[in-house]
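To start, the structure under review is shown below, and the notes come after it.
All of the numbers you see were taken from the coordinates with simple rules; none came from a lab. In this text, all values refer to a predicted model and were calculated from it rather than measured experimentally. As a convention, Cβ positions derive from the backbone with ideal geometry for all residues, glycine included, and neighbour counts pool all protein chains shown.
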2 protein chains.
Amino acid sequence: METATQSKFPLVVIVGAGFGGLEAAKSLADKPVEVLLLDKHNYHTFQPLLYQVATGSLEAESIAFSIRKNFGQQKNLRFRIAEVNSISAETNTLDTTIGDIKYDYLVIATGSTTNFFGNKQIEHFAMPMKSIPEALNLRYLILQNLEEAVLQKTKEAREPYLNFVLVGAGPTGVELAGALIELRNHVLTKDYPELQTTDMQVYLVDFMPKVLGPMSEQASGKAKEFLEKMGVQVLLNKKVESYDGEIIKFEDGQTIKTKSVVWSAGVMGVVPKGIKQENILRGNKIQTDGISRVVGTENIFAIGDVAAMITDETPKGHPGVAQVAIQQGKQIAKNIVHMIKGEPTEPFKYFDKGSLATVGRNKAVADLGKIKFQGFFAWLVWMFVHLVSLLGFRNKLTVFINWVGNYSNYNGGTRLIIRKYEREDQTEEQHLPNTVN
Amino acid sequence: METATQSKFPLVVIVGAGFGGLEAAKSLADKPVEVLLLDKHNYHTFQPLLYQVATGSLEAESIAFSIRKNFGQQKNLRFRIAEVNSISAETNTLDTTIGDIKYDYLVIATGSTTNFFGNKQIEHFAMPMKSIPEALNLRYLILQNLEEAVLQKTKEAREPYLNFVLVGAGPTGVELAGALIELRNHVLTKDYPELQTTDMQVYLVDFMPKVLGPMSEQASGKAKEFLEKMGVQVLLNKKVESYDGEIIKFEDGQTIKTKSVVWSAGVMGVVPKGIKQENILRGNKIQTDGISRVVGTENIFAIGDVAAMITDETPKGHPGVAQVAIQQGKQIAKNIVHMIKGEPTEPFKYFDKGSLATVGRNKAVADLGKIKFQGFFAWLVWMFVHLVSLLGFRNKLTVFINWVGNYSNYNGGTRLIIRKYEREDQTEEQHLPNTVN
């Protein structure tokens, strides 16, 4: 069993090295605690740029941040690759894939995963994009489908391989649609002289009447305009009925033949077993009080996407964005120290820095409080914010160099199929030889 | 069926985009032929630097060269991801994973794969390192074993995770041993403060009495000295008897407990079906005449590692190195054009540029004809030669930047476990959670 070491400091176990967990771990450096950070990967993922990994303009490594390499110097922190099987609040024990762990304080920062709203068929055939392995799978699928398209003899046979349908017009869907259409407009016929630009189509679908739902009307309208000018087919007020790997059907009867459906239409919290059912709210979020403490517990906290902080000021919780997780991570660290010292805790207060989304080169939308702007300047702000938010100098530099390179000729990125993507049931259908060994 | 297009030029099908196949394809640009290049990957692999991918100091993408991106401009070339099932020499037809292909000239440039000399147990448990997916698997295995080591409570339990045994002391084994021991000496305790440098051991094993067999006594002796000074345990005149995933046994009775055995003790040609058995020589190489033509055929050629060019001057063929493949690729292109024009062909003559191997920072050995030197200058030459040989400006730049970065602090590389490596039979044993999704 992992426990606190010989030190007399209490053990804070943080589950998840996303934005919230990592911030909490950092903020506890030099504090009178021991920190044990757990994650299923040995790296932190900068999720806002996953879509650029999927389209091949950035390599996975440049948006991943090695936990050991970067936290080796924090003396009071240990890191383990592990997943939590269940929490036993009565005994202050975690049952994990590396054995039992006894905690003094527990921070649940497990984030969210793709929500298919119970549709098993769509879950099986559509591609999620919430992790690096998922983004890479999507990249390989896109490239494999372009290769398959080249092998087809007729335009009709090529169609399903060249129709890309993105469901969910939040920032992920919008940014991925923009990146895919730029790939089509600037790279497709260079790499595949056998194909025509117009052979490939990108559809962005949402059941709501607008893209970028939570942003201003102005941002949302302009983003749609940008996308359509670039050639994306934006389909709003459209609900998906089914997708069987070949044809996506909408409730209004429309169908699109496609081998590639990307699902970013919703997320749900990743709640470890052992949290009382009554404390799990809509979207699989754990209900917490104003200091991120799980309702009904003394020393268990939940922050970020997995948490719903329900207070008089925030009856619906906070939006599922990185800034909430980061600010909660910082606050929770402070409050744990307060609790240890027997001092009063300070309630969390979210400082909304605003929203940004990029659509393509020179095109982004920004809502910064009352200031709303779109286009080139918003795009510069988007790039700046993402560069400074990326952890680590190496990653900042790599991404910056890549962006400069891509800007000069659109043709950055390597577009290699390193590991072929195969659905578990795929065997005979696929023409591409199995390149995984 | 893929055939020549409407053009009246004969179709040259090249199977394999390694050093030889790629050079042949390039050399046929602007010649009166159509070229169809096939490979199971959509990229060329710069194999000499695979070991740096395995140890995490280079990313896979920087030693892979996208075929479509870089050959998009060659008008007479088409590329397809495909593998050859069999050749029918009588009908000039290839049976491939993308259907039948009728060729006028066929160039077999399928290279070599790891030779386990028929030992199925070793093949199952040892790691090969001949392709990018294999190098990545090895990287993940190394990192996973370090993570497992941290979880063990006793030095004895940690041992098998921290013993790395490399079988085969050719350039691959030597270079990998050097890179691993540098990882141990400079990174291990930074990333894993729980471990001690001396906990990790690197063994380099060969059944021959020297490392770098085909190189000069001087080079070989100095390489061994470099390795041992850095801490590698070099075990010569030692034959492997068995490896069951836990313990490697040698014929002299010695055993080492280890979870990581890397096998680079031999290669064998990858010969497509349909080549007459009588033309397949030792090491699975296809016998060719002095113009790389497969014995007994008119229009089928074999070059590089899969070929054994047996002539009076070269009764044993050529060494299995990149330069032979490159020079044969160039020559075969010339000769195909000669044959088309009804001109006499020119026999191949290998120009030996010499051999280089690196052991570590500031340490390499070089045999350039009669000039033999070792140490810092050899290392500079090694770096220069590898940088200029890397295809593509982007790759040269990325590798150069990485090397400069690594030189300044040894601590380059990202060391992420993006896809967990699992042997097919592994299920319960492993502690690490499954991180592949």
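Data overview
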read-out: Stretchable slack from B:His186 to B:Phe117, in nm (0.36 nm times residue separation minus alpha-carbon distance); value: 21.3 nm
read-out: Residue of B:Gly392, B:Gly342, B:Gly168 that the Gaussian network model of chain B assigns the largest fluctuation, springs spanning Cα pairs under 10 Å; value: B:Gly342
read-out: Across the identical copies, how the A:His186 labels are spaced - nm, sorted shortest first, 7 Å along Cα→Cβ; value: 3.6
read-out: Full-stretch length increase - A:Met208, A:Lys370 - with 0.36 nm per residue and alpha-carbon distance subtracted; value: 55.9 nm
read-out: Relative intensity, log₁₀ I(q)/I(0), of segment B:320-421 from a Debye sum that treats every alpha carbon as a point, q = 0.20 Å⁻¹; value: -1.09
read-out: Segments B:282-289, B:178-185, A:344-351 sorted - mean Cβ within 10 Å per residue, highest first; value: B:178-185, B:282-289, A:344-351
read-out: Amide H partners (placed H, <5 Å) of A:Met127, local residues excluded; value: A:Val261, A:Val262, A:Trp263
read-out: Position B:Gly253, label points 7 Å along Cα→Cβ, spacing to each other copy in nm (shortest first, one decimal); value: 8.6
read-out: Extreme residue, positive dipole direction of the protein assembly as shown, given options A:Ile247, B:Ala357, B:Ile101 (C-beta unit charges); value: B:Ala357
read-out: Mean-position separation - Cα centroids, segment B:344-372 and segment B:207-227, in angstrom; value: 15 Å
read-out: Chain B: most fluctuating residue of B:Asp367, B:Asp95, B:Asp30 per GNM, C-alpha cutoff 10 Å; value: B:Asp30
read-out: Most to least packed among A:369-380, A:409-420 [average Cβ atoms within 10 Å]; value: A:409-420, A:369-380
read-out: Amide H partners (placed H, <5 Å) of A:Ile98, local residues excluded; value: A:Glu83
read-out: Degrees, to the nearest 10: B:376-389 long Cα axis against longest axis of chain B; value: 40 degrees
read-out: Other protein chain Cβ atoms within 10 Å, averaged over every residue that makes up B:110-122; value: 0
read-out: Alpha carbon centroid spacing (whole Å) that separates segment B:132-167 from segment A:236-256; value: 47 Å
read-out: Sum of side-chain charges, B:Gly296 neighbourhood, beta-carbon under 10 Å (Lys, Arg +1; Asp, Glu -1); value: -1
read-out: When each of A:Lys276/A:Lys349; A:Lys102/B:Lys153; A:Lys276/A:Lys316; B:Lys224/B:Lys372; A:Lys285/A:Lys316 is checked by Cα-Cα distance, pairs over 21 Å; value: A:Lys276/A:Lys349
read-out: Estimated dipole of chain B in Debye, rounded to 20 [Cβ of Lys and Arg +1, of Asp and Glu -1, Cα centre]; value: 1140 debye
read-out: Choice from A:Val385, A:Val53, A:Val13 showing the highest fluctuation, given a GNM over chain A with Cα pairs closer than 10 Å; value: A:Val385
read-out: Local electrostatic count at B:Lys334 - Lys and Arg +1, Asp and Glu -1, tallied over other residues with Cβ under 14 Å; value: +2
read-out: For B:Leu204, distant residues with modelled amide H under 5 Å away; value: B:Leu166, B:Gln233, B:Val234, B:Leu235
read-out: Net charge, B:Thr114 excluded, C-beta distance under 14 Å - Lys, Arg +1, Asp, Glu -1; value: -1
read-out: Separation in nanometres of the label points that stand 7 Å from Cα toward Cβ, at B:Ser88 and A:Glu225; value: 6.2 nm
read-out: FRET efficiency, A:Ser7 to A:Asp95 (Cβ-Cβ, R0 30 Å, nearest 0.05); value: 0.80
read-out: Calculated label separations, B:Glu228, copies of the chain, 7 Å along the beta-carbon direction, nm; value: 7.7
read-out: Ellipsoid equivalent to segment A:120-265 - semi-axes via the Cα gyration tensor, in Å; value: 23, 18, 15
read-out: Loop trypsin sites (Lys or Arg not before Pro), segment B:81-153, which have at most 15 other Cβ atoms in a 10 Å radius of their Cβ (DSSP); value: B:Lys153
read-out: Simple Cβ-charge dipole of segment A:21-120, Lys/Arg +1 and Asp/Glu -1, about Cα centre, in debye nearest 20; value: 180 debye
read-out: C-alpha long axis of helix A:393-409 to longest principal axis of chain A, angle in °; value: 20 degrees
read-out: Directionally averaged shadow of the protein assembly as shown, computed from the convex hull of its alpha-carbon atoms, nm²; value: 37.4 nm²
read-out: Magnitude of the charge dipole, segment B:92-248, Cβ model with Lys/Arg +1 and Asp/Glu -1, debye to 20; value: 360 debye
read-out: In order through segment A:167-181: 3J(HN,Hα) via Karplus (6.51 cos²θ - 1.76 cosθ + 1.60), integer Hz, x for Gly, Pro; value: 9, x, 9, x, x, 4, x, 5, 5, 5, 4, x, 5, 5, 6
read-out: Degrees between helix A:322-341 axis and first principal axis of chain A (Cα, 0 to 90, nearest 10); value: 10 degrees
read-out: Listed pairs B:Lys40/B:Lys341; A:Lys222/A:Lys249; A:Lys130/A:Lys239; A:Lys273/B:Lys257; B:Lys40/B:Lys273; A:Lys222/A:Lys396 exceeding 26 Å between Cα atoms; value: B:Lys40/B:Lys341; A:Lys222/A:Lys249; A:Lys273/B:Lys257; A:Lys222/A:Lys396
